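*Asks:* I'd like to ask you about the structure that follows.
The values are calculated or read from the model by the stated rules, or taken from the named source; none is laboratory data. Owing to the predicted nature of the structure, the values given are computational and were not obtained by experimental measurement. Every residue, glycine as well, gets a Cβ built from its backbone with ideal geometry; the counts of neighbours run over all protein chains shown.
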Amino acid sequence: MSCQIKEVDLNRLPPADDILSEREYAFYQTLRFPKRRVEWLGGRFALKELVRGVTKAVWQEIELLPGVTGKPFLWVKGKSSPLAFSLTHSRGWAAAAVSEDTPFLGIDLEKIEHRIDAWAKDFFHPSELTGTGDAFLTALWTQKEAVVKLLGTGLSLNSYDVRCINGTPSFFGAALEVYTQMGTPAITLQTSELIPGFMFTAACGQ
Ligand SMILES: CC(C)(COP(=O)(O)OP(=O)(O)OC[C@H]1O[C@@H](n2cnc3c(N)ncnc32)[C@H](O)[C@@H]1OP(=O)(O)O)[C@@H](O)C(=O)NCCC(=O)NCCS
């Protein structure tokens, strides 16, 4: 199982109309907040650079359009693409991943920061809290978010329904139903400090 990852600095993006297709540009113009606009653009730039390498299509032939749940859909030269992909953004950075040999993929990037204890208690099941400290909790957060993106649900689920214990995910409730419908793929989590000060997880399912 392998995936390609690309991170981009949001201060170094090409102009939106160079990167985006007409349909993407029309959506981009509906985004009101400058921070959201630049993150949306940066994720697409990172992904298009990866997809360009795989398909030889040019930026504007690669379209990533949002679906109703927030999970975007990838089109290359007007056709729905079978490539597995995922996007994330955090604090001035965006990253994307694609895979040709992994059917399910989710990634997440988060800045390592101190967060209050109540946040960890709310978000993580006690069985997940096998360590302490800001780097550990941020890594755990990226694992859970990468897995909910792989499932395609995002955080519409109860966060206790996906539990990442020592780098292995397990599923309960509504998450177990989705995971079962997907055919119970074996999921590998790879967590690293992709950018200094940021934790990153790629969840690959096969
Ligand atoms: C999906 C979710 C895990 C994103 O996490 P986050 O840390 O806030 O944001 P990240 O920057 O890491 O990831 C955002 C990207 O995840 C992707 N994403 C969003 N929903 C997704 C889903 N259901 N499945 C897979 N990927 C999803 C998108 O590519 C999004 O980037 P984009 O909007 O620029 O295209 C989580 O925030 C969530 O579930 N949000 C709710 C989405 C929602 O309520 N949508 C309402 C529909 S309008």
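*Asks:* I need every pair where a residue in region 87-109 that is at positive phi has its Cβ under 8 Å from the Cβ of a residue that is at pLDDT 95 or above and basic (Lys, Arg), sequence separation at least 6 or different chains.
*Replies:* Here the result reads Arg91/Lys111, each pair linking region 87-109 to a residue that is at pLDDT 95 or above and basic (Lys, Arg).
*Asks:* Does any residue of region 70-93 turn out to be among the basic types (Lys, Arg), away from the ligand (no atom under 12 Å from the Cβ) and surrounded by fewer than 21 Cβ atoms within 10 Å (Cβ to Cβ)?
*Replies:* Yes, there is a match, as at least one residue in region 70-93 is among the basic types (Lys, Arg), away from the ligand (no atom under 12 Å from the Cβ) and surrounded by fewer than 21 Cβ atoms within 10 Å (Cβ to Cβ).
*Asks:* Oh, and also: Return the residues of region 141-175 that are out of contact with any Leu (no Cβ under 8 Å at 6 or more places or on another chain), of a type in the set (A, V, I, L, M, F, W, C) and either in contact (Cβ under 8 Å) with a residue 12 or more places away in the chain or not in a helix (DSSP H, G or I) (or both); say none if nothing qualifies.
*Replies:* Within region 141-175, Trp141, Ile165, Phe171, Phe172 qualify.
*Asks:* Could you identify the single residue in Gly154, Gly173, Gly183, Gly167 that is closer than 22 Å to Thr88 by Cβ and modelled with pLDDT of 95 or more?
*Replies:* Gly167
*Asks:* Can you tell me which residue within region 45-69, out of those that are polar (S, T, N, Q) and touching a helix residue (DSSP H, G or I) at 6+ places or on another chain (Cβ under 8 Å), is surrounded by the most Cβ atoms within 10 Å (Cβ to Cβ)?
*Replies:* This residue is Gln60.
*Asks:* Which ones in region 183-205 are surrounded by 14 or more Cβ atoms within 10 Å (Cβ to Cβ) and in a loop (DSSP other than H, G, I, E, B)?
*Replies:* Pro185
*Asks:* Quick check on my filter: what residues within region 96-115 are within 9 Å of the ligand (Cβ to nearest atom) and more than 10 Å from Ala203 (Cβ to Cβ)?
*Replies:* Matches in region 96-115: Ala96, Leu109, Glu110.
*Asks:* Just give me the residues in region 125-156 being surrounded by fewer than 19 Cβ atoms within 10 Å (Cβ to Cβ) and either outside the structural domain of Ala186 (by TED's automatic domain parsing) or under 18 Å from the mean Cα position of the chain (by Cα) (or both), in sequence order.
*Replies:* Gly152, Gly154, Leu155, Ser156
*Asks:* Next up: Looking for whichever is in contact with a Gly (Cβ under 8 Å, 6 or more places away or on another chain) and among the small types (Gly, Ala, Ser) here; the options are Ala118, Ala96, Ala57. Which one fits?
*Replies:* The conditions single out Ala96.
*Asks:* Among what's in region 127-140 and is among the aliphatic types (A, V, I, L, M) and part of a helix (DSSP H, G or I), pick the residue that is farthest from Val178 (Cα to Cα).
*Replies:* Among them, the one singled out is Ala135.
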